[in-house]
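> Before I ask anything, here is the structure I am working with.
The values are calculated or read from the model by the stated rules, or taken from the named source; none is laboratory data. As the structure is a computational prediction, the values presented were derived from the model and not from experiment. Neighbour counts are summed over all protein chains in view; Cβ atoms, including those assigned to glycine, are modelled from backbone coordinates with ideal geometry.
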Amino acid sequence: MTKSETARMPGASAPESTPGAASGAAAAVVQPQSAEKQLGSFEAAMKLFHARNLKQARDHFLIAAKGPERDVAHRARLHAAMCDRRLEQAAPNLHSAEDYYTYGVAQLNVRKVAEARGSLEKALQLAPGADHIYYALALAQALGGDLAGAHENMKRAIELEPRNRVMARQDPDFAPLANQPPFDVLLYPERKNW
């Protein structure tokens, strides 16, 4: 094989002036740079992993698993497998309005607001007269920035069950909205006449 053929092979390093220097120089130059990239990929993957962004974390772990540092590669493969297991977990088997409501509240608790809203909307379709579902949906909408939708659903929750007004007054998630129109009048109607 000629030097030009070797240089065109994937993974082959550029030809060196002496055959003996090629392997030593490549190991000294390429290995530390690859190890740095490997460690960088692993660190980025760990940040994504802890942020529960498992799909992107898995991709970075797989890149890190191909690097020269065996310990880092081993840990990267283990973490990629953890990502795979968590990504493959079956979605919960939801049937009733209460199933969707409970799942939606769990999603709200970990601030997966968009997913929570979808679950709560499905729960509301199954139980259109459930005040607690209107309340939770109003919270999901408020956290997601849909203040008009949040107001309408909170209004409906209070119409169905007046004590939801007191609950919303004491709910720290609604505290930032309590003094803003139109929530102020909804949660504190007695202030309207002040």
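> Report yes if residue 80 is closer than 20 Å to residue 143 by Cα and of a type in the set (Gly, Ala, Ser), otherwise no. Before the answer, list the steps.
Working: closer than 20 Å to residue 143 by Cα: no; of a type in the set (Gly, Ala, Ser): yes.
Criteria not met by residue 80.
> If only one of 136, 106, 114, 130 is at pLDDT 95 or above, hydrophobic (A, V, I, L, M, F, W, C) and closer than 22 Å to residue 172 by Cβ, which one is it?
Going through 136, 106, 114, 130 in turn, just one is at pLDDT 95 or above, hydrophobic (A, V, I, L, M, F, W, C) and closer than 22 Å to residue 172 by Cβ: 136.
Residues checked against (1) charged (D, E, K, R); (2) under 15 Å from the mean Cα position of the chain (by Cα); (3) assigned to a helix (DSSP H, G or I); (4) at pLDDT 85 or above:
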residue: 16; (1), (2), (3), (4): yes, no, no, no
residue: 33; (1), (2), (3), (4): no, no, yes, no
residue: 48; (1), (2), (3), (4): no, yes, yes, yes
residue: 119; (1), (2), (3), (4): no, no, yes, yes
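> If you go through region 64-75 one residue at a time, do you hit one that is free of Cβ contacts under 8 Å to residues at least 40 places away in the same chain and within 21 Å of the chain's Cα centre (by Cα)?
Within region 64-75, none of the residues are free of Cβ contacts under 8 Å to residues at least 40 places away in the same chain and within 21 Å of the chain's Cα centre (by Cα).
> Moving to a separate point now. Can you find a residue that is under 30 Å from residue 119 (Cβ atoms), out of contact with any Ser or Thr (no Cβ under 9 Å at 6 or more places or on another chain), in a helix (DSSP H, G or I) and modelled with pLDDT of 80 or more anywhere in region 65-80? Working first, answer last.
Filtering region 65-80 down to residues under 30 Å from residue 119 (Cβ atoms) leaves 79-80.
Those still in the list that are out of contact with any Ser or Thr (no Cβ under 9 Å at 6 or more places or on another chain) too: 79-80.
Adding the requirement that they be in a helix (DSSP H, G or I) leaves 79-80.
Filter again for modelled with pLDDT of 80 or more, leaving 79-80.
Within region 65-80, one or more residues are under 30 Å from residue 119 (Cβ atoms), out of contact with any Ser or Thr (no Cβ under 9 Å at 6 or more places or on another chain), in a helix (DSSP H, G or I) and modelled with pLDDT of 80 or more.
> Of these, 57, 64, 81, 73, which one is loosely packed, with under 15 Cβ neighbours inside 10 Å and out of contact with any strand residue (DSSP E or B) (no Cβ under 7 Å at 6 or more places or on another chain)?
81
> Of the residues that sit in region 148-194 and are charged (D, E, K, R) and more than 22 Å from residue 108 (Cα to Cα), which one is modelled with the highest pLDDT?
Result: 159.
> While we're on this one: Mind checking whether some residue in region 87-96 is more than 30 Å from residue 134 (Cβ to Cβ), at pLDDT below 85 and hydrophobic (A, V, I, L, M, F, W, C)?
yes
> Further question: Just to check your reading of the model, which residue among 169, 85, 156 is within 30 Å of residue 63 (Cβ to Cβ) and not acidic (Asp, Glu)?
After applying the criteria, what remains is 85.
> In addition: For the subset of region 156-194 comprising residues that are assigned to a helix (DSSP H, G or I) and among the acidic types (Asp, Glu), which member is surrounded by the fewest Cβ atoms within 10 Å (Cβ to Cβ)?
That would be 190.
> So which pairs qualify, if the first residue must be in region 155-166 and within 16 Å of residue 178 (Cα to Cα), the second must be in a helix (DSSP H, G or I) and of a type in the set (S, T, N, Q), the Cβ gap must be under 9 Å, and the two must be at least 6 apart or on different chains?
Within 9 Å, the pairs are 157/164; 158/164.
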